[in-house]
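S.K.: One structure follows; several queries about it will come next.
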Amino acid sequence: MSVGFIGAGQLAYALARGFTAAGVIATHKITASSPDTGLPTVTGLRKLGVNFTTSNKETVKNSDVLFLAVKPHIIPFVLDEIGPDIENRHLVVSCAAGVTIQSIEKKLSLCHPAPKVMRCMTNTPVVVREGATVYATGTHAKVEDSMLLEQLMASVGFCIEVEEDLIDAVTGLSGSGPAYAFTALDALADGGVKMGLPRRLALRLGAQALLGAAKMVLDSEQHPGQLKDNVCSPGGATIHALHVMESGGFRSLLINAVETSCIRTRELQCLADQEKTSTAAIKKTTLDKVLQESTSIGVKGRTSLLNNSKGTKNKN
């Protein structure tokens with residue numbers, strides 16, 4: 001089995017590193033592609049021993065399981081490019097937020113009668129084999145395809161199959177969840193520093209507190225509310241601190257964050273369906289074009305000066 005990544009960003013790097021650390025696949029059987037060779041993650045992938053190329057078609061050629069690890073609005077253009085190269089052996093797995101299996105199958109079916117497509121939502125902690133992944137199966141994917149994907153993703157954390165209509169909500173919860181946790185940890189560490197702790201110690205203590213709390217939830221049958229109550233002594237420091245958090249709308253902020261992320265995921269599907277590049281992408285393309293033209297003008301100018309110089313010498 002060989003694995004390919006269309007896209008060589010954070011997710012591709014995290015999955016490649018997680019897969020190899022778990023020992024489910026050797027690095028020389030992984031290929032990643034991106035037009036941007038200057039990404040830090042590209043350097044990371046190369047250090048791991050992953051095959052890197054700027055050609056998406058080459059990645060398809062060298063892969064059995066193909067992860068689409070690009071932004072949602074890029075997906076239609078990638079599918080147009082690689083569609084003719086998809087074969088019966090390929091399992092196409094989309095990691096793009098909001099992009100439906102149906103939309104991918106529709107694109108690929110223009111070149112292949114029965115493309116095997118699956119959709120998954122995972123998160124960056126796969127890099128330390130503590131990811132949270134859900135997946136849904138497409139029309140033509142078989143049981144053995146589901147088993148293969150689950151084998152891969154279970155090697156880097158928790159993995160479970162769900163109905164596709166739940167994946168947007170999963171994106172808002174566990175897909176974006178690490179960012180919520182990192183923000184909370186950063187704030188906790190700031191609180192420790194404010195009260196006199198060295199930064200490194202404050203960060204380590206905060207991280208360990210979150211890690212331990214998460215493990216208690218996973219290993220216990222008790223509700224998080226009960227575990228929280230177990231920490232709060234009557235009239236103690238913790239209950240006073242929780243009162244401040246409640247007054248600031250802590251719970252509502254997290255609920256709203258999950259909801260907003262979910263809604264934005266659905267909006268991204270609309271952008272992908274419209275097959276329009278984003279403003280940021282257009283700006284980048286324009287900038288690249290300007291730089292290329294500037295370079296071209298510079299070369300032409302130097303060539304002109306050189307020719308003039310030669311002409312002058314010849315006249316002399």
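S.K.: Note down the Stokes-Einstein diffusion coefficient of the range 222-265 in µm²/s, whole number, using a Kirkwood radius over alpha carbon pairs, 10 °C, and 1.306 mPa s.
M.R.: 132 µm²/s
S.K.: If you build the Cα gyration tensor of the range 1-92 and take the root of 5 times each eigenvalue, what three semi-axes come out, in whole angstrom, biggest first?
M.R.: Over the Cα atoms of the range 1-92, the ellipsoid semi-axes are 19, 16, 11 Å.
S.K.: Along the Cα-to-Cβ line of residue 147, 7 Å from the Cα, sits a label point; which residues in the range 62-102 have backbone N less than 15 Å from it?
M.R.: none
S.K.: Which translational diffusion coefficient, to the nearest whole µm²/s, is obtained for the range 165-250 from the Stokes-Einstein equation, given a Kirkwood hydrodynamic radius over C-alpha pairs, 4 °C and 1.567 mPa s?
M.R.: 88 µm²/s
S.K.: Note down the nm distance, to one decimal, between modelled labels 7 Å out along Cα→Cβ at residue 64 and at residue 10.
M.R.: It works out to 3.1 nm between the two label points.
S.K.: Computed FRET efficiency, Cβ-Cβ of residue 259 and residue 162, R0 30 Å: what is it to the nearest 0.05?
M.R.: 0.95
S.K.: Checking understanding here: applying a Kyte-Doolittle mean of at least 0.5 and a length along the axis of at least 15 Å (C-alpha), which whole DSSP H helices in the chain pass?
M.R.: What comes out of the filter, once short or polar helices are dropped, is 10-22, 143-154, 199-219, 237-247.
S.K.: Set the Förster radius R0 to 41 Å, insert the Cβ-Cβ distance between residue 194 and residue 102 as r into 1/(1 + (r/R0)^6), and round the FRET efficiency to 0.05.
M.R.: FRET efficiency, residue 194 to residue 102: 0.20.
S.K.: Here's something else I'd like to know. Taking the structure as given and computing mean projected area of the Cα convex hull in nm², which label from (1) 41.4; (2) 24.3; (3) 16.5 fits?
M.R.: Comparing each candidate, only (2) matches the computed number.
S.K.: Could you give the length gained by full extension between residue 37 and residue 230, i.e. 0.36 nm per residue of separation minus their alpha carbon distance, to one decimal place?
M.R.: That works out to 64.4 nm of additional length.
S.K.: Too long at a 18 Å Cα-Cα cut-off: which of 57/107; 29/57; 194/228?
M.R.: 194/228
S.K.: Percent of accessible area on the chain owned by carbon and sulfur, 1.4 Å probe?
M.R.: C and S atoms contribute 59 percent here.
S.K.: Also: Please compute the length gained on full extension between residue 179 and residue 154, using 0.36 nm multiplied by the number of residues separating them and subtracting their Cα-Cα distance.
M.R.: 6.8 nm
S.K.: Right, next: Keeping all protein chains in place, calculate the accessible area per residue for the chain (probe 1.4 angstrom), answer in Å².
M.R.: Per residue, the chain has 58 Å² of solvent-accessible surface.
S.K.: So if we plug the beta-carbon distance of residue 187 and residue 129 into 1/(1 + (r/R0)^6) with R0 = 35 Å, what FRET efficiency do we get, rounded to 0.05?
M.R.: Efficiency, rounded to the nearest 0.05: 0.85.
S.K.: Roughly how far apart, in whole Å, are the Cα centres of the range 213-265 and the range 4-28?
M.R.: That distance is 33 Å.
S.K.: Length gain on complete extension for the stretch residue 220 to residue 246, per 0.36 nm per residue less the alpha carbon to alpha carbon distance?
M.R.: Taking 0.36 nm per residue and subtracting the Cα distance, the gain is 6.9 nm.
S.K.: Which residues make up the longest stretch of the chain clear of GluC sites (Glu not before Pro) that lie in a DSSP loop with no more than 14 other Cβ atoms within 10 Å, not counting the sites?
M.R.: Free of exposed loop sites, the longest segment is 1-86.
S.K.: In square nanometres, what is the average projected area of the Cα convex hull of the range 61-110?
M.R.: 3.2 nm²
S.K.: Could you sort 52, 158, 250, 19 by their accessible area in this structure, using a 1.4 Å probe and putting the largest first?
M.R.: Reading off the accessible areas and sorting them downward yields 158, 250, 52, 19.
The values are calculated or read from the model by the stated rules, or taken from the named source; none is laboratory data. Since the structure is predicted, the reported quantities are computational estimates derived from the model, not experimental observations. Quick reminder, even Gly has a Cβ in these numbers, built from the backbone with ideal geometry, and neighbours come from all protein chains shown. Please note that ligands, DNA and RNA were not included when accessible areas were found on the heavy atoms of the full protein model with its side chains. Shrake-Rupley method; radii C 1.70, N 1.55, O 1.52, S 1.80 Å.
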